[in-house]
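The values are calculated or read from the model by the stated rules, or taken from the named source; none is laboratory data. What you see is a predicted model; the values in this text were computed from it and never measured. Note that each Cβ is placed from the backbone with ideal geometry, even for glycine, and that neighbours are counted across all protein chains shown.
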Amino acid sequence: MSELALLQNYLLIGALLFGLGLTGFLVRRNLIVMFLCAEMMLQGISVSLVAWGRYHDDWGGQMLVVFILAVAACEAGIALALILMLRQRSGSLDIVAWQQLREEGQARYVDREVPEEREEPPQWPRLTPAGIEPPWDPDEALHRSHV
Amino acid sequence: MNQPLLLLWAEEASRWAGRAGGAWHFLVSPGGRATAAALVGAAGIWWMLPGGRRLGRWFGCGLAAAGLVILASLLPGLGSPLAQTGFWLVAGLTLAAAAATVCTKNPVYCAIWLAVTLLGTAGLFLLQGAQFLGVATVVVYAGAIVVTFLFILMLAQPAGHAYYDRISWGRVPAALAALTALALVVTTVHAVALLGGAAAAGPRTPAEGLDAGARIAGPTALARGEDVLHPDHMARLGGQLFSRHLIAVEVAGTMLLVALVGAISIASQPSRGREGMGTR
């Protein structure tokens, strides 16, 4: 029964990863973030495939994940080149910049409420002040603890 | 056992519909708990998404975590407390990082959270005994792909926070997306429950799962649990990869080469500059 429990646990995690990735892909507007979410969907599928492979004691699941890795690498290369081209042409990473490609009868998407960016004061790390000479200790100069 | 999943859910709902305290019984039943968990989790994710919700993002985090806990209460235990703790640690880290990837405003943080998610999935692979995949995920995904994404982000991201990172699509599409994810999770939970029912009804015959493996291994098929979890993990994986999947390996190599050439040819086109594509 433990194998089955393992499969059920992993299937749920895979589904949650896929669902989160799907939500992000449909909701976010930055091209690169959309692409990251697509990668996350691939990860959800991979988790499920490995779990099924373990359950059936078959290498097929892991083989598929190996090829998913190869395809994801190709996809990332092509998509990043495309994103760079799109960014050069439209001047931003916003997917809404390409809404000219919509169908004829579709209304144009207009942002209603853009929340103000809250100015948060940058928090710089506190470093110990450098360049101050420690006070001269004649004892230490005579008796060094280390050579 | 083979009836459609939604039908099953509706049946469970209608069973408790007319009775006293039926709503509470439905909420406590597995189907009701799965639905409640998915609803709560989807609401939490919706709250965490960029776009100026009033109550703040920690409220959304709390909702999503509550949904996850309810879902976890539905799952069967893994046997030993050690395995259970390890699994939930890694799985919780993975899911929290995934939620942060979707919900963080700054795309650089998104990429870094995705790298954490990938480390988590690598841990999940290792817990399943898929050692090669765990290491390959860390090396290929977290090491190469996410770093390339970061390079592109540094190249293409405008200075400061862009306005399109502070908002998501309108509220209706966001709610629709979250509901889609919800339906997906509920369906999976029901499918998993069905699976448990089927397994309890009758034990699987070994031939069922080992059929494909037996064709490779010949007449001396291995006992259950000795193929994928064999100590010679890499040798067996390599043997499978370069015997049964040899053509696929060649095709994947060719595909990588084609993708390389394609990416170079796309990126080296002379840029034509802005063409008035901006909409604002």
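Every listed requirement among (1) within 12 Å of chain A (Cβ to nearest Cβ); (2) surrounded by fewer than 19 Cβ atoms within 10 Å (Cβ to Cβ); (3) in a helix (DSSP H, G or I) is met by B:Ala66 save one, (1).
Please go through region A:50-79 and give me each residue that is of a type in the set (Gly, Ala, Ser) and facing another protein chain (nearest Cβ under 7 Å), ordered by number.
Listed by number, the residues that qualify are A:Ala51, A:Gly53, A:Gly60, A:Ala70, A:Ala72, A:Ala73, A:Ala76, A:Gly77.
Counting only residues that are of a type in the set (S, T, N, Q) and more than 7 Å from chain A (Cβ to nearest Cβ), region B:95-127 holds 2 of them.
Consider region B:227-252 and keep the residues that are without any contact (Cβ under 8 Å) to a residue 12 or more places away in the chain and not in a helix (DSSP H, G or I). The one that is nearest to the other protein chains (Cβ to nearest Cβ) is B:His245.
Candidates in region A:89-139 are the residues that are surrounded by 10 or more Cβ atoms within 10 Å (Cβ to Cβ) and hydroxyl-bearing (Ser, Thr, Tyr); of these, the one that is modelled with the highest pLDDT is A:Ser90.
If only one of A:Ile45, A:Ile32 is β-branched (Val, Ile, Thr), more than 7 Å from every other protein chain (Cβ to nearest Cβ) and under 22 Å from B:Val139 (Cα atoms), which one is it?
A:Ile45
The residue that is surrounded by the most Cβ atoms within 10 Å (Cβ to Cβ), counting only those in region B:119-129 that are assigned to a helix (DSSP H, G or I) and among the small types (Gly, Ala, Ser), is B:Gly120.
Of the residues B:Val116, B:Val172, B:Val146, B:Val135, which is out of contact with any strand residue (DSSP E or B) (no Cβ under 9 Å at 6 or more places or on another chain), modelled with pLDDT under 85 and in a helix (DSSP H, G or I)?
Being out of contact with any strand residue (DSSP E or B) (no Cβ under 9 Å at 6 or more places or on another chain), modelled with pLDDT under 85 and in a helix (DSSP H, G or I) holds for just one of B:Val116, B:Val172, B:Val146, B:Val135, which is B:Val172.
Note on region A:14-47: residues that are surrounded by fewer than 22 Cβ atoms within 10 Å (Cβ to Cβ) and over 22 Å from B:Phe151 (Cβ atoms) amount to 4.
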